[in-house]
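Below: the structure, in structure tokens.
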Amino acid sequence: MRLVIRNGRVIDPASGRNEAADVVIEDGKIAAVGAGLDAPGAEIFDAGGLVVAPGFIDIHVHLREPGFEHAETIETGARAAAAGGFTTICCMPNTSPVNDSAHVTSYIVETARRLADVSVFPIGAISKRSEGEELAAIPSMAAAGAVAISDDGRPVMNSRVMRRAMEVARALDIPVIDHCEDLNLSAGGDMHECLDSLRLGVHGIPSAAEDVMVARDILLAELTGARYHVAHISTARAVAMVKFAKSKGLPVTSEVTPHHFALHTGHMRPYDSNYKMKPPIRESADVKAILEGLRSGAIDCIATDHAPHAGDDKMQEFERCPFGITGLETAVGLTFDLLVHTGLISLERMVALYTSEPARVIGWKGELERGCLKPGTAGDVTVLDPAREWSYDVTKSLSKSANSPFNGRKFRGGPVATIVGGRVVWRA
């Protein structure tokens, strides 16, 4: 099987390529990149006027399977990912049972191999049942296919356990990804603690709940030498701490979600559950710091934290409904609108935030290498149209769930085709 993508502008930050070129994919792998390539008998994809990039990567999604298939499955989540331009996703372990063993990891890997339109890599739990007290079977999960460890929404409060997890992760050369939240400081909170929460009569979550955990984890990363990654960073102080850690040469990275650079507390519709997420939408000063972090490189990549919830779960009163929103299908549009078209970052930097940078955070090498168009690597490509005008309609979402604050929003720029292993799995 051979596919040639012709007439596009190829942007591959990993190689420094930004030029008109063709891309040849053969037997599921990148075969060649260059001008006027000859590929007799190949299927032709005309990318005239479009941007051809390495397949986009999202290292923070929730697929809900096993255990919560009423909200999402590996199959439906992968379809939503493809519609968002993603060819590779990494799924968090907060399933039922928790992905804290090689058995669950293998189930996810095998199910994805059979049913998913995109590549799915599991993230294993740090602790058994994500209870934060006893380490999970991290080496066996890594052997089964886990590419990182995290307890995600149930952060490890016990610093001794987190230290041990980092030591094991360093030995295995995988990153530790932490949802940074001091659960004692955030207890009972449903939105960011500020004047708006006071006005609405909603218990608040202070920025300090995130900040103190980021500080602790950076100190432990320095102590252990582990690769440490801050999930969905949301506060100005957290961004400053990550920037400082990087300046000291520590192996610290971070990600931000599109909703945390798109929204602040002033955008919230009172008691609308589609605006309830963790970490919560912060204040405009935090958004300003996040935008600067994206521009400067203090923030390494963009990840969606795609968190689907079924309608019955999310359509409860604000204090009772679960945290989280969907994000796979709106991420690239928000990035074009708020980062590229505003001039904050270049198109090349945007592509890096979704390709070479998340691949570097995970540390894919050899046969698993991705986030680039290097010959011999996975034949994954995301085709973009920076001028495409479209709107998001949750009723047409490929996810099982529709909990998004961006329903009806109009965008300029987005994906127009997603190619996985040389096969077009989604097209606008």
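Using a simple spin-label model with pseudo-atoms 7 Å out from Cα toward Cβ, Ala428 and Ser140 lie 4.7 nm apart. Going by neighbour counts of Cβ atoms within 10 Å, the residues Trp426, Trp364 line up, fewest first, as Trp364, Trp426. Look at (i) 21.6; (ii) 22.7; (iii) 18.3: the one that is mean projected area of the Cα convex hull in nm² derived from this structure is (iii).
Mean-square fluctuations from a GNM of the chain, with a 10 angstrom spring cutoff on Cα atoms, peak among Asn18, Asn184, Asn99 at Asn184. Averaging Cα coordinates gives a centre for segment 293-336 and one for segment 85-109; these two points are 19 Å apart. Take the Cα of Arg114, step 7 Å toward its Cβ, do the same at Tyr271, and the gap between the two points is 4.5 nm.
Phi angles of segment 126-139 translate, via the Karplus equation with coefficients 6.51, -1.76, 1.60 and θ = phi - 60°, into HN-Hα couplings of 6, 10, 4, 6, 6, 8, x, 10, 9, 4, 6, 7, 5, x Hz per residue; Gly and Pro are given as x. Note on Ala35/Glu222: beta-carbon distance plugged into 1/(1 + (r/R0)^6) with R0 of 56 Å gives a FRET efficiency of 0.75. Residue order for Phe68, Phe244, Phe261, fewest other beta carbons within 10 angstrom first, comes to Phe244, Phe68, Phe261. Largest mean-square fluctuation among Pro40, Pro386, Pro308, in a Gaussian network model of the chain whose springs join Cα atoms under 10 Å apart, belongs to Pro40. One decimal place: the segment Asp27-Asn158 gains 42.4 nm when fully extended, by the rule 0.36 nm per residue minus the C-alpha distance. When Leu250, Leu384 are sorted by how many other C-beta atoms sit within 10 angstrom of their C-beta, beginning with the fewest, the order is Leu250, Leu384. Computed from Cα atoms, the angle from the helix 284-296 axis to the main principal axis of the chain rounds to 40 degrees.
You can think of it this way: the chain between Arg388 and Glu43 has 121.8 nm of extra reach, that is 0.36 nm per residue less the Cα-Cα gap. For the chain, give the share of DSSP beta bridges that are antiparallel, in percent and rounded to the nearest 5; count only bridges with both residues there. Expressed as a percentage, antiparallel bridges in the chain total about 55. Largest GNM mean-square fluctuation among Ser127, Ser15, Ser397, using the chain with Cα springs under 10 Å: Ser15. For His192, the residues whose amide H sits under 5 Å from its own are Ile205, Ile281, ignoring neighbours fewer than 5 places away on the same chain, with H placed 1.01 Å from N. With Cα atoms as the point set, the radius of gyration and Dmax of segment 1-146 evaluate to 18.8, 59 Å.
Checking the cross-link pairs Lys314/Lys410; Lys314/Lys400; Lys314/Lys396; Lys29/Lys365 against a 21 Å limit on the alpha carbon distance flags Lys314/Lys410 as lying beyond it.
Relative to the dominant Cα principal axis of the chain, helix 102-115 is inclined by about 40°. Could you tell me which of rounded, prolate or oblate describes segment 166-233, using a ≥ b ≥ c as the square roots of the eigenvalues of the alpha-carbon gyration tensor, with rounded for a/c under 1.5 and, failing that, prolate when a/b is larger than b/c and oblate otherwise? Prolate shape, in that a/c is at least 1.5 and a/b is the bigger ratio.
Each principal axis of the Cα cloud of segment 321-400 was taken in turn, and the coordinate range along them, longest first, works out to 40, 34, 22 Å. The simple spin-label model puts a point 7 Å past each Cα toward its Cβ; for Asn407 and Asn18 those points are separated by 3.9 nm.
Every number in this text was worked out from the coordinates using simple rules, so none of it is lab data. Owing to the predicted nature of the structure, the values given are computational and were not obtained by experimental measurement. Please note: Cβ atoms are built from the backbone with ideal geometry, for glycine as well, and neighbour counts cover all protein chains shown.
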